[in-house]
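In what follows, a structure is listed as structure tokens, so that the remarks can point back to it.
The values are calculated or read from the model by the stated rules, or taken from the named source; none is laboratory data. Just so it is clear, the structure is predicted and the values come from calculations on it, not from any experiment. Note that each Cβ is placed from the backbone with ideal geometry, even for glycine, and that neighbours are counted across all protein chains shown. Only protein heavy atoms, including side chains, enter the accessible area calculation; ligands, DNA and RNA are left aside. Shrake-Rupley method; radii C 1.70, N 1.55, O 1.52, S 1.80 Å.
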Amino acid sequence: MAEKTLSSFEKFIKYIDSILPLEIELIINNFDRFIYGVGITLELTILSLIIGFLLAVPMAVARSSQHAILSPIIWCYTYVFRGTPLLVQTYLIYYGLGQFQFIKNSWVWDSILSSAWWCALIAFTLNTAAYTTELLHGAINDTPKGEVEAAIASGHSYFGRIRRIILPSAFRRAIPAYSNEVIFMLHGSVVASTITLQDVLGVGRWLNGRYYLAYEGFITAALLYFAIVFGITRIFRMVERKYLKYLQ
Amino acid sequence: MNLFLKTVTAGLLVLTMTTTVQAEDTLRIGVEGAYKPFSWKEADGTLKGFDVEIASALCAELKRKCELVEQGWDGMIPALLANKFDAIIASMSITEERKKRIDFSAKYYQTPARVVAANSSAIDGTAKGLAGKRLGVQRGTTHQCYAEKAFPDAELVLYATQEEVFQDLLLGRINAQISDSLVANDSFLKTDDGAKYSFKGSDHLDLECYGEGVGIAVRKEDTDLRDKLSAAILAIRENGNYAKINNTYFTVDIYGK
């Protein structure tokens, strides 16, 4: 019985193969590699988003504080990282830093920068932290004056206000924009494939290169990214329904 | 609506006319430009190299005007199939796998592949010696095919260009690389950076992956162009133009047997 279903599945594949100008069989035979690629993509995207967010919260607070030293420094950082392409940032970290002998001879090289994975994680984290900082900065600035005044009147200290009033309300306002940042970061993570990592696009390019194909690797990668984005938008819809209910 | 239709038809007519004229007049040739000494880009943007000069010698032989189109290696075959150019002269080996999609002229050179690693490295170019080691190859090349077949236990690291492979070998991110021996010698081992590296093991030949030499790729339907190019290769072999180009780059005749 099992043998029969297998052969009819194979027949089905052969049929799809014959009507589409694509090598479906090659995609299916190498699908385990694509699954591995999804793992690398999600790992890099999720980790950089988490670390980037944790870095962005204090930076956004400092940037909104009008602090004479911190605010301009953070403005410079976000300006540089939002003003240059992620690909360039990743190349500078991956190929650029290795040109300095003192970096190459230090422990940082051996344990971190010699690995493509770490280079990608650093570049992605710095990039998303810059965008998230500006996004939260905007949300903090939009805090209704009345909320802050009420907090002061009820005796909240500066950090007490930030922690209990300003940040929770800013986070809520930032959810829709942040869901875009998450999707942009996922799409940006394809840069990993240019520095030898086997993420989803990296596996697609491997398949194209190995069998001299034109589209198969890219189409499979596109469908996988599409599926991941579908999942992300679903999650954010749930989050919005929960935390932005008072607006609906 | 009528006017709109007329404009569209007129536009289409002009389009078809220009494409046919273009296809007849100039031969568009795809080259890579990141594969020294076969093709590279000078600081001023001009393309140089053995492939580039062979291309112009063949065009002179065919008495046709040629236009060089730069194309990254990854997209070389798709671009040929999408009619971005009519022939590829970019050190592309004639293999069975590629012949499923495109056609080739007769070979215009044939050189062996070799493994390169640091002088001090114990890598000997065998499957056993490379087991567990990080081996760099350019993606979509015959070397990717060969490395997966011959060194199944090595960890393959894929790059878009051969230049990036050498760069990461220098930075120590990969333990060894496999590529065309002439390319490795000329653009890496002979440079100051490459002094600490050398060939490991002997020549690698493999009919399935490396095929029968390097040819000019054309679309399958362009059999006429294919045959003319094959004849032109033999012609420049005979009239000495090939030898002239060969000798400006190499000390041995790379045509092979």
Counting sequence-distant residues (5 or more places) and residues on other chains, those with an amide H built under 5 Å from that of B:Gly213 are B:Ile94
Rounded to the nearest 10, the angle in degrees between the Cα long axis of helix A:70-83 and the longest principal axis of the Cα atoms of chain A comes to 20 degrees
Contour minus Cα-Cα span, B:Ser202 to B:Lys128, at 0.36 nm per residue, comes to 25.2 nm
Cα-based Rg and Dmax for the stretch B:97-140, in Å, come out at 15.5, 43
The set of residues whose placed amide H lies less than 5 Å from the amide H of B:Leu156, leaving out same-chain residues fewer than 5 positions away, is B:Leu135
Accessible-area loss of at least 40 Å² in the complex relative to the chain alone (1.4 Å probe) applies, within the stretch A:162-203, to A:Thr196
Note on the stretch B:113-210: contact order normalised by length, alpha-carbon pairs under 8 Å, 6 or more apart, percent, works out to 43 percent
Taking a label point 7 Å from the Cα of B:Glu97 along Cα-to-Cβ, the residues of the stretch B:171-190 whose backbone nitrogen sits under 16 Å from it are B:178-180
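May I ask you to give the percent of accessible area on the protein assembly as shown that is carbon plus sulfur, with a probe radius of 1.4 Å? Mind showing how you got there, number by number?
Numbers: 16040 of 25780 Å².
That share works out to 62 percent.
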Probe 1.4 Å, heavy atoms of protein chains only: per residue, the accessible area of the stretch B:113-210 in Å² is 39 Å²
Quick note, the protein assembly as shown: a/c under 1.5 would make it rounded; otherwise a/b > b/c is prolate and the rest oblate (a ≥ b ≥ c, C-alpha gyration tensor); here it is prolate
Karplus-derived 3J(HN,Hα) from phi for the stretch B:80-85 (6.51 cos²θ - 1.76 cosθ + 1.60, θ = phi - 60°), whole Hz, x at Gly and Pro, runs 5, 5, 8, 6, 6, 7
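Over the stretch A:53-117, what relative contact order in percent results from Cα pairs under 8 Å that are six or more residues apart?
Working: 21 pairs, mean separation 10.2, N = 65.
In percent, rounded to a whole number, it is 16.
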Looks like chain B, by Cα gyration tensor root eigenvalues a ≥ b ≥ c and the a/c under 1.5 rounded cutoff (else prolate when a/b is bigger than b/c, oblate otherwise), is prolate
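Relative contact order for chain B using alpha-carbon pairs under 8 Å, separation at least 6, rounded to a whole percent?
Details: 440 pairs, mean separation 67.3, N = 257.
Relative contact order, chain B: 26 percent.
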Checked the stretch A:66-247 with the C-alpha gyration tensor, a ≥ b ≥ c its square-rooted eigenvalues, rounded below a/c of 1.5, otherwise prolate if a/b is larger than b/c and oblate if not; verdict oblate
Applied in sequence order to the stretch A:181-189, the curve 6.51 cos²θ - 1.76 cosθ + 1.60 (Karplus, θ = phi - 60°) yields integer Hz couplings, x standing for Gly and Pro, of 4, 4, 5, 4, 5, 4, 5, x, 5
Quick calc: nm separation of the 7 Å Cα→Cβ label points for A:Ala153 and A:Leu20 -> 6.4 nm
The ³J(HN,Hα) series, computed from each phi in the stretch A:56-68 with the Karplus coefficients 6.51, -1.76 and 1.60 at θ = phi - 60°, rounded to the nearest Hz and given as x for glycine or proline, is 6, 4, x, 5, 5, 5, 5, 5, 7, 7, 6, 4, 5
Between B:Arg237 and B:Glu42, the two model label points (7 Å from Cα along the beta-carbon direction) sit apart by a distance in nm of 3.1 nm
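Leaving ligands and nucleic acids out of the surface, order A:Ser8, B:Ser105 by accessible area at 1.4 Å, largest first. Walk me through the intermediate numbers first.
Details: A:Ser8 65, B:Ser105 10 Å².
Listed by decreasing accessible area, they come as A:Ser8, B:Ser105.
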Given backbone amide H placed at 1.01 Å from N, residues whose amide H is under 5 Å from that of B:Ser179, ignoring those fewer than 5 places away on the same chain, are B:Arg114, B:Val116
Placing +1 on each Lys and Arg Cβ and -1 on each Asp and Glu Cβ in chain A, then taking the dipole about the Cα centre, the residue among A:Leu167, A:Val61, A:Ser154 whose Cα reaches farthest towards the positive end is A:Ser154
For the stretch A:1-144, the dipole about the Cα centre with charges only on Cβ (Lys and Arg +1, Asp and Glu -1), to the nearest 20 debye, works out at 300 debye
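Please report the buried accessible area for the interface of B with A, total over both chains, probe 1.4 Å, in Å² to the nearest 100. The partial results should precede the final answer.
On the way: alone 13140 and 14710 Å², together 25780 Å².
So the buried area, both faces added, is about 2100 Å².
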Along principal axes, largest first, the alpha-carbon spread of the stretch A:121-177 in whole Å comes out as 43, 20, 13
Pseudo-spin-label distance A:Asn29 to A:Ala222, built 7 Å along Cα→Cβ, given in nm, is 2.4 nm
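Taking R0 as 25 Å, what FRET efficiency do you get between B:Ser121 and B:Thr191 from their Cβ-Cβ distance, rounded to the nearest 0.05? Present the calculation step by step, with values, prior to reporting the outcome.
Details: r = 18 Å, r/R0 = 0.73.
The calculated FRET efficiency here is 0.85.
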Among A:Ala139, B:Ser187, B:Asn119, the residue whose Cα sits farthest towards the positive end of the charge dipole of the protein assembly as shown, when +1 is placed on the Cβ of each Lys and Arg and -1 on the Cβ of each Asp and Glu, is A:Ala139
If one compares the long axis through the Cα atoms of helix A:200-211 with the longest principal axis of the Cα atoms of chain A, the angle in degrees, nearest 10, works out at 20 degrees
The rounded separation in angstrom of the Cα centers of the stretch A:115-144 and the stretch A:158-227 is 13 Å
Per DSSP, the loop-located GluC sites (Glu not before Pro) within the stretch B:177-257 having at most 13 other beta carbons within 10 Å are B:Glu221
